[in-house]
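A short write-up of the structure that comes next.
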Amino acid sequence: MDTKIIKINRNHDFKDIKSQLKLFADIIKSGGSVAFPTETVYGLGADANNPEAIKKVFKAKGRPQDNPLIVHIKDKEDIYNWGKDFSDKGIKLMNKFWPGPITFIVKKKANVSSIITGGLDTVAIRVPADIIARAFISASCTALVAPSANKSGRPSPTEFSHVNTDLFGEIEGIIDGGESTYLGIESTVVDITEDIPIILRPGSITKEMIESEIGFVKIDRNLSKKPKSPGMKYKHYAPNADMVIVNGQDLDVIEYINKSIESDFKNNIISGIITFEENKDEFKQGIIKYIGKFNDYELISRNLFKILREFNETDVQKIYVQGLENKGLGYSIMNRLNKAAGDNIINL
Ligand code: TXA
Ligand code: MG
């Protein structure tokens, strides 16, 4: 398949970007799929009102049919086309955090295709903040389903080259908007169908931020066994190498990783390390990638998927990573790391 590519300068104004995207909006209108940037990760967009187009998205990604998609709408008011029975707390959260990196699970209206929802009676909705994403939805004159634009199981794409590697030749278009503008992990997913909202997927809008608006919310901690969010049970973000998370005091972690790498080396295993800039002189062997300063969770989250992908271009068979504090954005980052590691965790 011929994949059309357009590069968009996000400093242009909304109207200008929208008119530059006309050809790509026409692809959506005729049932094709186009990858586009959002403030979290790139999404693979298709017309949410066209079941045949949605099926193609599942196929291009190699995504299981029971893993439902997020419907991206251009503004809050459009929610009434897709969902119903919104709670007061839910509306408060939408008003506070939309447009932005948060997705709400609401009761679906009868017209919402079960292909989108994987047969559930709820639907996931998001109003992205990114100017290119908003202009593209608006130019397409519809809502867009958009899972992350990676092959299923691989790290989500935070820049054009990631999408290109995974999906070139398998989708009709890619909109190159450079790097994702926000924190580089996918949106927080919050179920607002019950009295007390439940975080199904942690993200850059943290539990603490949500609670400061509406009080106590739950976290679905059963994420890898029988999660409420079907997507959380699948292996994700997986680098080609085996990944090991090492939690503990800094010095203990460094010692553990150095010893492990020495023994890997003796066994002809090539190892890599994801570490903080502060520890850059501490490791003696292995392929080392710095993810950011120890306390700079924003930068760490922005670099995470990029680094996982970079390791796939090396020969490493094992990757050691220092665990972060499980709080705030650190909790969301650890959620992705735990999945990438398949819960292979050493607690010192
Ligand atoms: O930041 C993001 O959310 C990106 C950008 C492109 O918007 N999209 C994204 O989509 O990450 P995807 O498909 O990779 O992840 C959607 C998650 C999955 O874990 C899925 O199972 C869950 O949302 N989900 C979708 N509909 C749901 C529903 N009705 N109930 C529970 N979980 C749902
Ligand atoms: Mg995904």
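Computed from backbone phi, the HN-Hα couplings of segment 173-184 come to x, 9, 9, 8, x, x, 7, 4, 8, 10, 8, x Hz, rounded to whole numbers (Karplus: 6.51 cos²θ - 1.76 cosθ + 1.60, θ = phi - 60°; Gly and Pro given as x).
For segment 109-170 and segment 292-348, what is the separation of their C-alpha centers, rounded to whole Å? When both Cα centres are located, 24 Å separates them.
Residue order for His12, His72, fewest other beta carbons within 10 angstrom first, comes to His12, His72. Computed from point charges on the beta carbon alone (+1 for Lys and Arg, -1 for Asp and Glu), the dipole magnitude for the chain about its Cα centre is near 980 Debye.
Taking a ≥ b ≥ c as the square roots of the eigenvalues of the Cα gyration tensor, segment 106-159 is oblate, since a/c reaches 1.5 or more and a/b is not larger than b/c. If R0 is 25 Å, the Cβ-Cβ spacing of Lys59 and Lys22 corresponds to a FRET efficiency of close to 0.45. Around the amide H of His72, modelled in the peptide plane, lie the amide H atoms of Arg126, Leu144, Val145, Ala146, all under 5 Å away and 5 or more residues distant in sequence or on another chain. The GNM of the chain, with springs linking C-alpha atoms under 10 angstrom apart, assigns the highest mean-square fluctuation among Ile291, Ile196, Ile73 to Ile196. Each of Asn335, Ile254, Ser301 was placed along the dipole of the chain (beta-carbon charges, centred on the mean Cα), and the one lying farthest toward the positive end is Asn335. The helix-only estimate of mean residue ellipticity at 222 nm for the chain, built from DSSP H runs of length n ≥ 4 each weighted as -39500 (n - 2.57), is -9500 deg cm²/dmol after division by the residue total. 3J(HN,Hα) along segment 87-94, derived from phi through the Karplus expression 6.51 cos²θ - 1.76 cosθ + 1.60 where θ = phi - 60°, amounts to 7, 4, 4, x, 5, 4, 5, 4 Hz, with x in place of Gly and Pro.
Magnitude of the charge dipole for segment 38-78, about its Cα centre and with charges confined to Cβ atoms of Lys, Arg (+1) and Asp, Glu (-1), is about 300 debye. Once a ≥ b ≥ c are taken as the square roots of the eigenvalues of the Cα gyration tensor of segment 141-182, is the result rounded (a/c under 1.5), prolate (a/b larger than b/c) or oblate (a/b not larger than b/c)? Here segment 141-182 falls in the rounded category. Each residue of segment 32-48 is assigned a 3J(HN,Hα), and the resulting list reads x, 10, 9, 7, 9, x, 10, 6, 9, 9, 5, x, 9, x, 8, 5, 5 Hz, derived from the Karplus form 6.51 cos²θ - 1.76 cosθ + 1.60 (θ = phi - 60°), x at Gly and Pro.
Going down the list Lys15/Lys109; Lys56/Lys84; Lys74/Lys96; Lys207/Lys306, which pairs span over 20 Å between their C-alpha atoms? Pairs exceeding 20 Å: Lys15/Lys109; Lys56/Lys84; Lys207/Lys306. Counting other Cβ atoms within 10 Å as a rough exposure proxy, the listed residues Met1, Met334, Met243 run Met1, Met334, Met243 from fewest neighbours to most. Counting only alpha carbon atoms, the long axis of helix 297-312 and the longest principal axis of the chain meet at about 80°.
The antiparallel fraction among DSSP beta bridges confined to the chain stands at about 35%. Seen against the Cα atoms of the chain and their longest principal axis, helix 250-266 is set at about 80 degrees. Mean-square fluctuations from a GNM of the chain, with a 10 angstrom spring cutoff on Cα atoms, peak among Leu304, Leu183, Leu23 at Leu23.
Listed from fewest to most Cβ neighbours within 10 Å, the set Ile210, Ile199, Ile6 follows the order Ile6, Ile210, Ile199.
Read-outs throughout are calculated quantities, based only on the coordinates presented, and are distinct from any laboratory measurement. Treat the numbers as computed from the prediction; the structure is a model and nothing was measured. In this analysis, Cβ positions are derived from the backbone assuming ideal geometry, glycine residues included, and neighbour counts consider all displayed protein chains.
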